[in-house]
């Protein structure tokens, strides 16, 4: 009987212990150095970085929009995070601010992947964020985007408008706000390269962004089994109407020859274009010890 009671007691103790949560063990840090992403830094790390001369804030906007059956809706934002981080690392005197996931666009029920802002809302947001960065201690603010709407040439360019307004306001204090349009202008040059190599014309959801997402992603950004069928409506000059019935699948052009190798080329081009333009604005990074 005593053996039975003892066994029963042991069972109760073991059952109770099984309900006790296991101790939480600290996981080793996986963040890469140097740290240049504002949202992944602590405030003392930001303060130290500013003191060390990293006084350029990079504001990069992404976007949430459908981009064909094969590419995820957050593509602009996902690519933007990688792009702005690479730009900050290459500049050496900059910090990448959190990427804004919404830009000018309009939702549509037939292709339900888009959530957008208006130009006025974007302008107000960029102005507020820029001035918050100035209060924080940044001396140079750079505005740029992965999405074309809002970057139209002339008075309609939201980014240029905000940059011009704020630069006039703060320049006397030695603080400047710039618009970096070259990071998006790389799209045009990359498309020219593709055309020279015989690739079919394409834009939204076609070879450029699908390839870049293949290169930067972890395998989940592109539905790779759908690449072979990623052909959509032909790109047309402004004002020209299509000759026949449209597919309306979110793809403009042909993305079937997308590849990670092309994506790396495009990504590197965007980073290089941006770094060159920003260095022209704000000068080279400070030398060590100065």
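For the criterion of being surrounded by 21 or more Cβ atoms within 10 Å (Cβ to Cβ) and within 20 Å of the chain's Cα centre (by Cα), residue 150 passes. One residue stands out among those in region 225-254 that are in a loop (DSSP other than H, G, I, E, B), touching a residue at least 12 places away in the same chain (Cβ under 8 Å) and more than 14 Å from residue 202 (Cα to Cα): the one that is nearest to the chain's Cα centre (by Cα), which is 248. If the condition is being part of a loop (DSSP other than H, G, I, E, B) and under 23 Å from residue 188 (Cα atoms), then region 165-178 contributes no residue at all. Note on region 214-235: residues that are within 18 Å of residue 193 (Cβ to Cβ) and touching a strand residue (DSSP E or B) at 6+ places or on another chain (Cβ under 8 Å) total 2.
Could you tell me whether any residue of region 23-30 is in a helix (DSSP H, G or I), modelled with pLDDT under 95 and surrounded by fewer than 10 Cβ atoms within 10 Å (Cβ to Cβ)? Scanning region 23-30, I find no residue that is in a helix (DSSP H, G or I), modelled with pLDDT under 95 and surrounded by fewer than 10 Cβ atoms within 10 Å (Cβ to Cβ), so the answer is no.
For region 89-103, taking the residues that are without any contact (Cβ under 8 Å) to a residue 60 or more places away in the chain and assigned to a loop (DSSP other than H, G, I, E, B), the one that is surrounded by the most Cβ atoms within 10 Å (Cβ to Cβ) is identified as 103.
Among the residues of region 258-272 satisfying the criterion of being more than 15 Å from the chain's Cα centre (by Cα) and within 15 Å of residue 71 (Cβ to Cβ), which is surrounded by the most Cβ atoms within 10 Å (Cβ to Cβ)? Per the stated criteria, the residue is 258.
Quick one: would you say residue 196 is touching a residue at least 24 places away in the same chain (Cβ under 8 Å) and out of contact with any strand residue (DSSP E or B) (no Cβ under 9 Å at 6 or more places or on another chain)? Considered against the rule, which asks whether it is touching a residue at least 24 places away in the same chain (Cβ under 8 Å) and out of contact with any strand residue (DSSP E or B) (no Cβ under 9 Å at 6 or more places or on another chain), residue 196 comes out as no. The single condition among (1) touching a helix residue (DSSP H, G or I) at 6+ places or on another chain (Cβ under 7 Å); (2) farther than 30 Å from residue 87 by Cα that residue 258 does not meet is (2). Of all the residues in region 107-123, those that are part of a helix (DSSP H, G or I) and touching a helix residue (DSSP H, G or I) at 6+ places or on another chain (Cβ under 9 Å) number 4. Residue 162 - would you say it is within 17 Å of residue 57 (Cβ to Cβ) and in a helix (DSSP H, G or I)? When the stated conditions are applied, residue 162 passes them. Only a single criterion out of (1) in contact with a helix residue (DSSP H, G or I) (Cβ under 9 Å, 6 or more places away or on another chain); (2) part of a loop (DSSP other than H, G, I, E, B); (3) touching a residue at least 40 places away in the same chain (Cβ under 8 Å) is not satisfied by residue 66, namely (1).
Taking (1) out of contact with any strand residue (DSSP E or B) (no Cβ under 8 Å at 6 or more places or on another chain); (2) within 19 Å of residue 150 (Cα to Cα) in turn, residue 51 satisfies each apart from (2).
For region 43-61, state whether one or more residues are closer than 20 Å to residue 277 by Cβ, assigned to a helix (DSSP H, G or I), within 19 Å of the chain's Cα centre (by Cα) and touching a residue at least 60 places away in the same chain (Cβ under 8 Å). Looking through region 43-61, none of the residues is closer than 20 Å to residue 277 by Cβ, assigned to a helix (DSSP H, G or I), within 19 Å of the chain's Cα centre (by Cα) and touching a residue at least 60 places away in the same chain (Cβ under 8 Å).
For region 141-156, filtering for residues that are without any contact (Cβ under 8 Å) to a residue 24 or more places away in the chain and assigned to a loop (DSSP other than H, G, I, E, B) leaves 2.
In region 157-193, how many residues are farther than 18 Å from residue 91 by Cβ, surrounded by 21 or more Cβ atoms within 10 Å (Cβ to Cβ) and either in contact with a strand residue (DSSP E or B) (Cβ under 7 Å, 6 or more places away or on another chain) or without any contact (Cβ under 8 Å) to a residue 24 or more places away in the chain (or both)? Matching residues across region 157-193 total 3.
The values are calculated or read from the model by the stated rules, or taken from the named source; none is laboratory data. Computed from a predicted model, the values in this text were never measured in an experiment. With ideal geometry, Cβ positions are generated from the backbone for all residues, glycine too; neighbour counts draw on all protein chains shown.
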